[in-house]
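Let me begin by presenting the structure, written as C-alpha cells, before commenting on it.
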C-alpha cells in the first residue's frame with residue numbers, strides 16, 4: 001500500500017520476539033506510520049534489529065528515546081510486569097502509547113495508569129489485536145446495527161499442543177540475547193497465572209468487545225493431564241448471559257471462536273491463529289432479510305491494522321477502534337475476578353475485586 005504524506009513516527013521499546021514477529025514489520029507496512037526508532041538494553045540484539053529494519057534512530061535508554069522530539073508515539077513490547085511503569089514513564093513524557101496486552105499485572109496499578117492517561121488526554125491503546133480481525137470487527141458492527149438486544153454470548157480460546165509447530169513455520173526465527181532484561185524470577189513458572197494473562201486477556205477482551213461490559217463472573221478450573229481448563233459463567237451489564245472457555249492445551253487444532261444470540265439475529269465466528277493473517281470465518285444471520293452475511297476480510301494483518309488505527313487517532317483525531325486504557329483496566333478486573341472465583345467457588349463482582357491473577 002502507498003504511504004500517506006504524514007506518517008506517525010513510532011519508537012518501539014523492546015527488540016524481543018513480539019517486536020520481531022509483529023511490530024517492526026507492521027510499522028514498516030502501515031500506510032500512515034514508520035518505524036522511526038527502536039530501543040533495547042541488549043547491545044547485540046539492538047544492533048542486529050537496527051541492521052535488519054533500518055530505523056532512523058537507535059537507543060539503549062528509553063528515557064533518551066522519549067526525549068527525542070521526532071518520536072511521535074511509542075509501542076511498548078516488553079514483559080508484562082514492565083507494562084505499567086514504562087507506560088507511565090511514556091505518558092509523563094507526553095508520548096501516546098500502544099502497549100502489548102495485558103495492560104498490567106494488578107487491578108491497582110492499572111487503575112493508577114488509567115487515571116494518569118485520562119488526565120493527560122493522550123491516545124493510549126492496548127494491543128488486543130483481535131479487534132482488528134475483519135471478521136470480528138464485522139460481528140461487532142452487526143451487533144451495534146442489527147442484532148438488537150443481546151440474549152447470550154459464548155466464546156472460547158483453546159490453544160493446541162501443536163500450536164508452536166504451526167507458529168514456528170509461520171514466524172521468522174527469533175534472535176535471542178543473553179543481555180536481554182528479564183523480570184525477577186520466572187513469570188512462566190506460575191503456569192496458571194501466565195496462561196490467564198497471556199491468553200485469557202484475548203478471550204476476555206473479545207467477550208467485552210462483542211458483548212459489552214461484564215459485571216460478574218463465576219469460574220471453575222480443572223488442571224489435569226498437563227492442561228488447564230477454565231469454565232466461566234459471565235453476566236453482562238446489558239442483561240445478557242455468557243459462557244467463556246479457556247483450555248490450554250487441547251489435543252487437536254487451535255480453536256478460538258464465539259456464538260452470539262440476539263433479538264433480531266445470531267452470529268457464529270471461528271477465529272484463526274493471527275499469524276496466518278487470515279480473517280475469521282463469521283456468519284451473521286439477520287431476521288430483517290432472513291439471510292446470512294459473511295465478510296471476506298482481504299486485509300487481515302491485525303498488527304498492521306491496529307497501528308494504522310492508532311496513528312489515525314493521533315494524527316487525525318479519529319475515534320479509537322482499538323482497546324483503550326479503560327478496556328485494558330476492565331479486562332484486568334475480569335481476570336482478577338476469575339481468579340478470585342476459582343479460589344472461592346463463588347460469584348464475584350468485578351467492581352469489588354482487587355489484586356492480580
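Values quoted throughout were computed directly from the atomic coordinates according to the rules given, and no laboratory measurement underlies them. Just so it is clear, the model here is predicted, and its values are computed rather than measured. With ideal geometry, Cβ positions are generated from the backbone for all residues, glycine too; neighbour counts draw on all protein chains shown.
Across the chain, Cα-Cα pairs farther apart than 26 Å form 50% of the total.
Helical content alone sets the calculated 222 nm signal of the chain at -10000 deg cm²/dmol, taking -39,500 (n - 2.57) per DSSP H segment of four or more residues and averaging over every residue. Going by Cα centres, the stretch 1-78 and the stretch 179-237 are how many Å apart? Their Cα centres are 29 Å away from one another. Label sites at residue 316 and residue 351, each approximated as a point 7 angstrom past Cα along Cα to Cβ, lie 3.9 nm apart.
Once the convex hull of all Cα atoms in the stretch 75-193 is built, its volume per residue stands at 197 Å³.
Over all orientations, the stretch 182-321 has a Cα convex hull whose mean projected area works out to 12.1 square nanometres.
Using a simple spin-label model with pseudo-atoms 7 Å out from Cα toward Cβ, residue 220 and residue 50 lie 5.6 nm apart.
Sort 101, 288, 29, 95 by Cβ crowding within 10 Å, fewest neighbours at the top. The partial results should precede the final answer.
On the way: 101 25, 288 9, 29 16, 95 22.
Going from least to most buried by this count: 288, 29, 95, 101.
Plugging the Kirkwood radius over Cα pairs into Stokes-Einstein for the stretch 260-303, at a temperature of 20 °C and a viscosity of 1.002 mPa s, what D comes out in µm²/s? D = 186 µm²/s.
The angle between the Cα long axis of helix 325-344 and the longest principal axis of the Cα atoms of the chain comes to about 60 degrees, rounded to the nearest 10.
Annotation: Cα Rg of the stretch 142-234 relative to the compact-globule expectation 2.2 N^0.38 Å equals 1.43. Per 5 Å bin, what is the whole-percent P(r) computed from every C-alpha pair distance within the stretch 56-128? Going out from 0 Å in 5 Å bins, the stretch 56-128 shows 3, 17, 30, 26, 16, 6, 1, 0 percent.
Dimensions of the stretch 111-181 based on its C-alpha atoms, expressed as ranges along the principal axes with the largest first, amount to 52, 39, 19 Å.
Arrange 170, 350, 244 by Cβ neighbour counts within 10 Å, fewest through most, would you?
170, 350, 244
Per residue and in Å³, how big is the convex hull formed by the alpha-carbon atoms of the stretch 1-120? Display every interim value, and only then the final one.
Numbers: hull volume 12.4 nm³, N = 120.
Given the Cα convex hull of the stretch 1-120, per-residue volume reads 103 Å³.
Going by neighbour counts of Cβ atoms within 10 Å, the residues 166, 332, 1 line up, fewest first, as 1, 166, 332. Distance between the pseudo-spin-label points of residue 120 and residue 198 (7 Å out from Cα toward the beta carbon): 2.8 nm. For the stretch 258-357, the convex hull drawn through the C-alpha positions has a volume of 181 cubic angstrom per residue. The Cα trace of the stretch 294-336 gives Rg and Dmax of 13.3, 36 Å, the first to one decimal, the second as a whole number.
Which of 30, 189, 313 moves the most in a Gaussian network model of the chain with Cα springs under 10 Å? Looking only at 30, 189, 313, the biggest GNM fluctuation is shown by 189.
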